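The values are calculated or read from the model by the stated rules, or taken from the named source; none is laboratory data. Values in this document were obtained by computation on a predicted structure and should not be read as measured data. Positions of Cβ are generated from backbone atoms using ideal geometry, with glycine treated the same way; all protein chains shown enter the neighbour counts. In case anyone asks, the SASA skips ligands and DNA or RNA and just uses the protein heavy atoms, side chains included. Shrake-Rupley method; radii C 1.70, N 1.55, O 1.52, S 1.80 Å.
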Amino acid sequence: MRIDIITIHPDLLESPFKHSILKRAAQKGLVEVNLINLRDYSTNKQKQVDDYTFGGGAGMVMMIEPIAACINHLKSERTYDEIIYTSPDGELLQQKTCNHFSTLKNIIVLCGHYKGIDERVREYLITKEISIGDYVLSGGELAAAVMCDSIIRLLPGVLNDETSALTDSFQDDLLAPPVYTRPQEFNGWKVPDILMSGHTAEIEKWRHERSLERTQQRRPDLFKKTN
Ligand code: ADE
């Protein structure tokens, strides 16, 4: 999979892709993430990518010209399955969206900024708008990093059996059950006996019950969906 991220802060986005699972995914050749500096596509001497709002009002707006130049350049080199804009008023990112994105070959992620973006970008250049939650970040970069992380870890070969994405919370609209490791007792706080019993079927049953219980208590909205 190839992910081209268009941003005015490429430095801000470098670190998340240089560690742990995302780094390994790139090293194994399972994903290629390119950080593209939008300012490189500004024809302006000051490398300006934003301007005042027509009609007045506070805040600067991202201009369509450098964005169109950048997207057109990328599109001249390959076909893209999706051109995603990160924005608080986009569609809420959910596990099923991540699952779908992880099946795509080439995507562009455009990080939003300032007070907004010229509406014509949204109307004519973007194919999807994604929000990572009902709160406002100072820019779309962190949202892009969150979204890309959730996509890349799903690519076949990125996770091994032990860390398989199939057992993640949300994958079946249930939260994951509690897990424990050594020591078996700490401060008098014990690991549930069932987990030490060696009865695989009983353990699986216990885990499923805990998943249901936890989902019902913490996310009744999800619980209603599956029950
Ligand atoms: N940009 C600012 N806030 C955002 C959010 N919640 N999701 C995606 N992009 C954003």
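Give me the residue from the range 1-16 that is among the aliphatic types (A, V, I, L, M) and assigned to a helix (DSSP H, G or I) and, out of that set, farthest from the chain's Cα centre (by Cα).
Taking the range 1-16 as the starting set, the residues that turn out to be among the aliphatic types (A, V, I, L, M) are 1, 3, 5-6, 8, 12-13.
Filter again for assigned to a helix (DSSP H, G or I), leaving 12-13.
Details: L12: 16, L13: 13 Å.
Ranking the qualifying residues of the range 1-16, first place goes to L12.
Counting only residues that are within 30 Å of Q94 (Cβ to Cβ) and hydrophobic (A, V, I, L, M, F, W, C), how many does the range 171-209 have?
6
Is there a residue being buried (at least 16 other Cβ atoms within 10 Å of the Cβ), part of a strand (DSSP E or B) and touching a His at 6+ places or on another chain (Cβ under 9 Å) anywhere in the range 126-146?
no
Out of (1) charged (D, E, K, R); (2) within 16 Å of the ligand (Cβ to nearest atom); (3) open to solvent by 70 Å² or more (accessible area, probe 1.4 Å); (4) more than 25 Å from I151 (Cβ to Cβ), what's the single condition that is false for D50?
Result: D50 fails condition (3) only.
Can you spot a residue in the range 92-101 that is assigned by TED's automatic domain parsing to the domain that holds D134 and over 30 Å from S169 (Cα atoms)?
No.
So if I check each of I107, I151, which one is in a strand (DSSP E or B), open to solvent by less than 20 Å² (accessible area, probe 1.4 Å) and either in contact (Cβ under 8 Å) with a residue 60 or more places away in the chain or touching a His at 6+ places or on another chain (Cβ under 6 Å) (or both)?
Working: I151 fails: in a strand (DSSP E or B).
Criteria check complete, one pass: I107.
Among the residues of the range 111-125, write down those that are modelled with pLDDT under 95, open to solvent by less than 60 Å² (accessible area, probe 1.4 Å) and more than 9 Å from the ligand (Cβ to nearest atom).
Narrowing the range 111-125 to residues modelled with pLDDT under 95: 112-116.
Next, only the ones that are open to solvent by less than 60 Å² (accessible area, probe 1.4 Å) stay: 112-113, 116.
The one that is modelled with pLDDT under 95, open to solvent by less than 60 Å² (accessible area, probe 1.4 Å) and more than 9 Å from the ligand (Cβ to nearest atom): G116.
Scan I8, I3, I36 and give me the residue that is at pLDDT 95 or above, open to solvent by less than 40 Å² (accessible area, probe 1.4 Å) and touching a His at 6+ places or on another chain (Cβ under 8 Å).
Working: I3 fails: touching a His at 6+ places or on another chain (Cβ under 8 Å); I36 fails: touching a His at 6+ places or on another chain (Cβ under 8 Å).
The conditions single out I8.
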